[in-house]
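The structure under discussion appears below in the form of structure tokens.
The values are calculated or read from the model by the stated rules, or taken from the named source; none is laboratory data. These numbers were taken from a predicted model, which means no experiment stands behind them. We place every Cβ from the backbone using ideal geometry, glycine too, and count neighbours over all the protein chains shown. Ligands, DNA and RNA are stripped out before the accessible areas are found, and what is left, the full protein with its side chains, is counted by its heavy atoms. Shrake-Rupley method; radii C 1.70, N 1.55, O 1.52, S 1.80 Å.
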Amino acid sequence: MLAHLTSEASSLEPTPVGAVDFPAKWTSQKADTKNADWQNQWGSWSWVRHGKVSFMALLRILRAKPSRGSGFGRQIETQLRGFQNIGSQPTSAMLAVDGGFAGCLAGAAVGACVGALWTKKQDRGRSPTRQLTAASEKLRPDALLHPFRAQQLDVTHEPVSPQPDSPRHPREFKRRISGKFSMNENKVLEQKVVLAMVGLPARGKSYISKAIVRYLNFVGCPTQLFNAGNLRRSAGKSGVDANFFDSSNENAKKLRDELAMECLDQLLAFLEKEGQATAVGILDATNTTLERRRKVKERVLAHTGIRLIFLESICDDGAILSHNYDLKLGNEDYVGMKAEKALQDFLERVEQYAQVYEPVEDGECSDRCGYIKLINAGEKLICNHCRSKDDEYGVMRYIVGLMSSINLGKRCIMLAVVGETEHDRKGVLGGDSALTQAGKQHAAALARFVAEREEAAGKPMLVMCGTLTRHLQTVEALKAIRPNSGQKPRKVLKLQRLNELCAGDLDSLSYEEFKEFYPEEFSARQRDKLNYRYPGVGGESYQDVLFRLSFLVLRLEQIIGNVLIVCDKAVCRVLLAYYRGVKNEDLPYLQVRPGVMTFERSHIGFTEDYVHKMGMSPAISKSCAELQSMAGAK
């Protein structure tokens with residue numbers, strides 16, 4: 001029987017190994033050379049050659065994972081038929097072997113299974129770091145089998161710190177060098193814009209101009225305000241009466257024009273100093289006459305690459321005007337003057353300007369000059385020639401977006417940081433842990449504060465928070481205190497954009513572990529806290545948080561009424577930077593206090609105040625204080 005099998009197998013020529021779908025190492029040139037030498041040396045031994053064929057067929061059976069119930073002999077016959085490529089030639093003789101030959105094949109199969117189980121058991125004893133390393137080596141694409149994938153993965157990675165071979169920290173990550181720090185588009189794109197305010201006094205020009213400065217600086221576009229009134233007061237003309245603004249007063253009119261042109265020259269010098277980057281200068285003056293606007297236009301368009309936009313604020317709403325008049329009484333021109341006398345003088349000043357007021361018309365526009373008309377603080381918005389074909393990424397989209405959101409109504413924005421969490425107590429970065437007992441006391445004190453504010457305002461406030469456990473627990477405490485009867489129910493918006501800055505792969509590490517195991521990441525963050533982005537999926541920088549909160553800022557500008565924002569420290573720093581007008585570079589170092597920071601709308605922007613109630617001082621451990629230092633506090 002065995003002789004018959006040998007004679008039949010010797011008449012068959014094996015198929016070249018390269019024509020069969022075997023692993024790449026079997027098809028390499030080195031392997032082919034070895035096979036050729038072996039066959040030359042042992043080619044006369046036909047039983048050895050066909051023994052190799054049978055062994056390879058057995059390996060294919062093990063790799064193919066045969067289905068349950070299929071005959072072992074039929075699978076051997078199928079694999080041998082495909083391997084030898086003998087078509088319809090009979091191979092039953094090859095299977096008509098004695099018990100000894102079948103026993104060899106069965107023993108080899110059992111041995112392979114036992115070996116696989118033993119290898120798997122040995123792998124279980126390895127450390128997690130070595131298992132991850134071994135897995136990554138096995139999954140690494142082979143250049144011969146997957147040349148297209150190997151080419152796609154051929155990117156430059158920054159070397160990372162060697163990770164400790166310990167189950168406590170098996171984290172490994174690689175990332176592109178370009179992804180380590182974020183970038184602001186306004187530092188790359190170049191566009192220069194002059195915004196010249198137009199309108200009667202007390203129409204919200206100063207508030208609108210300061211809002212533009214605050215918002216554009218917030219999104220990373222250098223913007224500066226040049227106020228003609230401040231220049232007049234610094235020139236010794238503070239406290240002048242309404243006669244100074246009389247159009248028939250030629251000397252005063254000439255002085256006002258000279259001061260306005262001097263203010264414009266300072267603005268143009270600022271734009272030139274900013275170099276090849278986006279920058280905006282705002283001329284805060286009345287500019288109510290066509291003659292004044294013509295002079296401004298001639299001087300601005302004489303500089304190449306600068307666009308001029310007249311921003312006109314028109315208001316005839318009695319409630320808004322009355323509120324603005326009251327705010328104007330705090331002007332430097334009326335220091336020490338009684339309110340009644342100051343109001344009378346200011347109304348006379350408005351009348352002097354109204355006599356010569358000329359609204360902006362379409363005829364004043366050109367390729368580099370346009371206008372925006374804001375009527376009744378956002379009730380109506382008109383734009384003309386604000387963008388050209390070259391302004392695909394222009395800064396005007398920020399300005400127009402803000403103008404469609406802004407309102408001059410009375411309101412208060414309140415920022416409250418959540419209380420202490422379990423991770424705070426342990427000094428752990430990030431995570432989604434619950435509040436401690438001190439954190440729950442903080443939430444209860446915050447609820448009492450909200451109740452007092454709602455009772456004073458006579459209506460419930462809007463509450464915004466994130467979607468993390470600590471946010472939801474803090475807001476849950478507010479349900480214990482319901483609004484007064486007859487009031488509308490309190491609205492709560494749970495927004496993911498208010499979640500804390502995500503630390504990516506370094507989330508849930510302690511301060512000491514971050515510094516010890518990832519020193520390169522730690523030093524990189526110390527160099528640039530604003531733009532440093534944490535590694536891994538979801539890792540963010542302060543710049544990323546600023547970008548996702550820029551849409552929320554526009555939403556806050558639209559809201560009429562009081563708003564409470566419950567957030568974490570990093571998000572609170574970003575919002576503090578917006579309302580305080582702090583530079584982005586100083587944003588990560590702002591101190592966050594445990595109470596409530598309030599921002600009340602005024603004629604110059606927002607007036608900040610700080611409120612602290614009993615129970616708003618959650619206990620902070622030493623490790624948590626160090627964690628706050630790592631997060632950005634000085």
| Projected area of segment 481-600, taken from the Cα convex hull and averaged over every viewing direction, in nm²? | 9.4 nm²
| J(HN,Hα) series, segment 262-273, from Karplus relation 6.51 cos²θ - 1.76 cosθ + 1.60, nearest Hz, glycine and proline x | 5, 5, 5, 4, 5, 5, 5, 5, 5, 5, 5, 5
| field | Restricting segment 457-511 to trypsin sites (Lys or Arg not before Pro) in coil, as DSSP defines it, with at most 16 other Cβ within 10 Å | value | Lys479, Lys491
| task | Counting only C-alpha contacts under 8 Å and six or more residues apart, can you give the relative contact order of segment 498-576 as a whole percent? | result | 40 percent
| request: Taking every Cα atom in segment 188-404, find the radius of gyration and the maximum pairwise distance Dmax, and write them in Å. | output: 17.1, 53
| said: Against the empirical 2.2 N^0.38 Å scaling, what ratio does the C-alpha Rg of segment 222-304 come to? | reply: 1.18
| task | Could you size up the charge dipole of segment 384-489 around its Cα centre, putting +1 on the beta carbon of Lys and Arg and -1 on that of Asp and Glu, and report it in debye to the nearest 20? | result | 340 debye
| remark: Reduced to Cα centres, the span from segment 344-420 to segment 551-610 in Å works out to 22 Å
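So what's the net charge close to Glu557: Lys and Arg +1, Asp and Glu -1, counting the other residues with Cβ under 15 Å from its Cβ?
Details: positive: Lys210, Arg214, Lys410, Arg411, Arg555, Arg601; negative: Glu379, Glu600.
It works out to a net charge of +4.
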| field | Residue (of Phe449, Phe514, Leu468) at the positive-pole extreme of segment 412-631, dipole from beta-carbon charges | value | Phe449
| query | How large, in percent, is the carbon and sulfur part of the accessible surface of segment 510-612 at a probe radius of 1.4 Å? | reply | 51 percent
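Just how large is the dipole of segment 325-423 about the Cα centre, in debye to the nearest 20, putting +1 at every Lys and Arg Cβ and -1 at every Asp and Glu Cβ?
Numbers: 12 positive and 18 negative charges, 38 e Å.
So the magnitude is around 180 debye.
Express the relative contact order of segment 188-404 as a whole percentage, based on alpha carbon pairs under 8 Å and six or more residues apart in sequence. Write out the running numbers ahead of the final one.
On the way: 331 pairs, mean separation 67.2, N = 217.
Averaging sequence separation for qualifying contacts and normalising by length gives 31 percent for segment 188-404.
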| query | Which value, in debye to the nearest 20, describes the size of the charge dipole of segment 412-631 about its Cα centre when Lys and Arg Cβ atoms bear +1, Asp and Glu Cβ atoms bear -1, and nothing else is charged? | reply | 940 debye
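So with the 1.4 Å probe, I'd like the accessible area per residue for segment 412-631, rounded to whole Å². Walk me through the numbers on the way to the answer.
Details: 9320 Å² over 220 residues.
With the other protein chains kept in place, segment 412-631 gives 42 Å² per residue.
Of the cross-linked pairs Lys488/Lys613; Lys529/Lys583; Lys210/Lys583; Lys459/Lys488, which ones have a Cα-Cα span greater than 18 Å in the structure shown?
Values: Lys488/Lys613 26 Å; Lys529/Lys583 13 Å; Lys210/Lys583 14 Å; Lys459/Lys488 7 Å.
Over 18 Å Cα-Cα: Lys488/Lys613.
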| request: Let me know the Rg and Dmax you get for segment 291-428 when you use only its Cα atoms, in Å. | output: 21.5, 68
| Based on Cα positions only, what radius of gyration and what Dmax would you give for segment 412-631, in angstroms? | 17.3, 59
